[in-house]
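Right, one structure below, let's go through it.
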Amino acid sequence: MPAHLAAIHGAELYAQRRTRLAALLGPGGVAIVPTAPERPRNRDSDFLYRHDSYFYYLSGFAEPKAWLVITAEGRTTLFCQPKDLEREIWDGNRLGPDAAPAALGVDAALPVTELDAQLPKLLENRRTVWYPFATHAGLESRVDGWLQHVRARVRQGAVCPDTLQDLCGPLDEMRLVKDAHELGVMRRAAQISAQAHIRAMQTSARLLRAGQDVREYHLDAELLHEFRRHGSQCPAYGSIVAAGANACVLHYRADAAPIRSGELVLIDAGCELDGYASDITRTFPANGKFSGPQRTLYELVLASQEAAVAATKAGARFNDPHDATVKVLAQGLLDVGLLDRNQVGTVDDVIASRAYFAYYMHRTGHWLGMDVHDCGNYVEPTEAEQTTERQDPLTGQTVVTRPSRILQPGMVLTIEPGLYVRPGEGVPEHFWNTGIRIEDDAIVTASGCELISRDVPVKPDEIEALMRG
């Protein structure tokens, strides 16, 4: 990714975000935003570098060792690596402080080597220091050190800030509703990921028809190939490629297990494009043909997702899609015999007792954006003081709940119901070792939601037709 990507997309986009943030800092406020550190992988090699999402959201700048300082008056100072022709031979070109203001639209840029000398000056005579709490190891200590230098000058008339505020709060609210540029990137990321899922499905069926050995890592390789072929910088998270019983492990990672004809394969994978994540899950028959029991459970999960999609719209609550999913799954578990009516009662009883939890133990979605589990409050801020208590029927613990977030146009979330059936007493054997999840990425609109990941099919007949091709 180019170091000065903001210049490609338009520095004005990031300048507008910084201006919005500055207006939230209050009189005398100043914000400090570091990017992510480089992380060693082994003795002399680093992990692939990935910027900090908050920093990139405000700058579009992807180089390491960089900081932003933003004042309530809207002035932005960037600290970045100085030009170093010898190091650039090894590590690539650096933008450098001289070129940064024009490329990124910041007011000033200084070498990061001057950070400790300059920060006390930038904090002096400010009232409130904002920085992201609990996100960067050692940041709090560094802020304390800079404030000590300011405090040492109070006899000379300097005023030291007396308030620290968590910058995650206002930035999370800003990032929760995506702008047109963000939505465009996310649509493209979802399209790339959908093509990768199609490639993996077709490869599985083709290799099995040819009698070849197929492993989870073979399909993982197909995903990576398609991500990079279309310009994605990297996967948004470690891809899950789970064959057979492995699909019942929620965070299973692609390994070396064989993919066998007659089993299902669950792939949860998405690419990251220009700093934004996609997140798609599809479950398909390895050989391209669902068995009867597999189709029964698959259609139940799909029906629950369709109910969740219908519940996703502006004005609804974040919890509404989950509640819609649970209602369909609870009824379906009774209908197919995974839950015994004589033991668990009616569908309302199943929901109240959370008896479905044995087969569906996660939520139906999460925010999506720069991070695959993106930032943003799941509680409605205007109703955060409205609390209720209930006793969890499974743990017996008292749980305090608050009204969930009211959905607004431009919010992006995943919709991902599933069922995971392990062998057990009373569990019909024809369902054993069946893990199914269907996940799509949804942009909330005024009238409903836009599913941006449906370039890869979800209906079982369409999946079978695709895999015959």
Notebook entry, point to check: Could you say whether any residue in segment 373-393 is under 16 Å from ASP172 (Cβ atoms), free of Cβ contacts under 8 Å to residues at least 60 places away in the same chain, among the small types (Gly, Ala, Ser) and surrounded by fewer than 16 Cβ atoms within 10 Å (Cβ to Cβ)?
Noted result: yes
Notebook entry, point to check: Considering only residues of segment 208-255 that are closer than 20 Å to ARG50 by Cβ and of a type in the set (S, T, N, Q), which is surrounded by the fewest Cβ atoms within 10 Å (Cβ to Cβ)?
Noted result: GLN233
Next item on the list: Output the number of residues of segment 195-217 satisfying the condition of being assigned to a helix (DSSP H, G or I), without any contact (Cβ under 8 Å) to a residue 60 or more places away in the chain, of a type outside the set (D, E, K, R) and out of contact with any Leu (no Cβ under 7 Å at 6 or more places or on another chain).
Entry: 2
Note to self: I'm trying to understand the selection: among the residues of segment 118-132, which are under 13 Å from THR163 (Cβ atoms) and assigned to a loop (DSSP other than H, G, I, E, B)?
What the structure shows: ARG126, ARG127
Next item on the list: Determine whether segment 196-214 contains at least one residue that is at pLDDT 95 or above and touching a Ser or Thr at 6+ places or on another chain (Cβ under 7 Å).
Entry: yes
Check: Among the residues of segment 57-77, is any at positive phi and in contact with a Lys or Arg (Cβ under 8 Å, 6 or more places away or on another chain)?
Finding: yes
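Please pick out the residue among PRO97, PRO2, PRO101, PRO37 that is closer than 30 Å to HIS230 by Cα, modelled with pLDDT of 95 or more and not charged (D, E, K, R). Write out each step before concluding.
Values: PRO97 fails: closer than 30 Å to HIS230 by Cα; PRO2 fails: modelled with pLDDT of 95 or more; PRO101 fails: closer than 30 Å to HIS230 by Cα.
The match here is PRO37.
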Next item on the list: Just give me the residues in segment 149-194 being out of contact with any Gly (no Cβ under 7 Å at 6 or more places or on another chain), buried (at least 16 other Cβ atoms within 10 Å of the Cβ) and assigned to a loop (DSSP other than H, G, I, E, B), in sequence order.
Entry: ALA158, CYS160, PRO161, LEU167
Notebook entry, point to check: Does any residue of segment 182-191 turn out to be in the same structural domain as GLY96 (by TED's automatic domain parsing) and polar (S, T, N, Q)?
Noted result: no
Margin query: Please verify whether GLU464 is surrounded by 23 or more Cβ atoms within 10 Å (Cβ to Cβ) and of a type in the set (D, E, K, R), treating the condition exactly as stated.
Written below: no
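Within the bounds of segment 44-63, is there any residue that is farther than 14 Å from LEU104 by Cβ, of a type in the set (Asp, Glu) and buried (at least 19 other Cβ atoms within 10 Å of the Cβ)?
Looking for residues that are farther than 14 Å from LEU104 by Cβ, of a type in the set (Asp, Glu) and buried (at least 19 other Cβ atoms within 10 Å of the Cβ), one finds at least one in segment 44-63, hence yes.
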Check: Within segment 54-77, can you find the residues that are among the aromatic types (Phe, Trp, Tyr) and in contact with a Phe, Trp or Tyr (Cβ under 7 Å, 6 or more places away or on another chain)?
Finding: TRP67
Item checked: Matching entry among GLN148, GLN165 (being more than 32 Å from the chain's Cα centre (by Cα) and not acidic (Asp, Glu)) -> GLN148
Check: How about segment 229-279: which of its residues are part of a helix (DSSP H, G or I), out of contact with any strand residue (DSSP E or B) (no Cβ under 6 Å at 6 or more places or on another chain) and in contact (Cβ under 8 Å) with a residue 12 or more places away in the chain?
Finding: GLY244, ALA245, ASN246
Checklist line | Enumerated helices (runs of 4 or more DSSP H) restricted to segment 35-108, each holding at least 3 residues that are of a type in the set (D, E, K, R) | finding: 85-91
Note to self: Checking the structure you have, find out if any residue of segment 407-419 is over 27 Å from MET186 (Cβ atoms) and either in contact (Cβ under 8 Å) with a residue 40 or more places away in the chain or assigned by TED's automatic domain parsing to the domain that holds GLY315 (or both).
What the structure shows: yes
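Within 33 Å of the chain's Cα centre (by Cα) and over 15 Å from THR76 (Cβ atoms): which single residue out of GLY105, GLY96 fits that description?
Selected residue: GLY96, the only one of GLY105, GLY96 that is within 33 Å of the chain's Cα centre (by Cα) and over 15 Å from THR76 (Cβ atoms).
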Check: Taking segment 321-358 only, how many residues are farther than 17 Å from PRO393 by Cβ and among the β-branched types (Val, Ile, Thr)?
Finding: 3
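The values are calculated or read from the model by the stated rules, or taken from the named source; none is laboratory data. In this text the structure is predicted, and so the values were computed from the model without any measurement. Ideal geometry is used to build each Cβ from the backbone, glycine not excepted, and the neighbour counts take in all protein chains shown.
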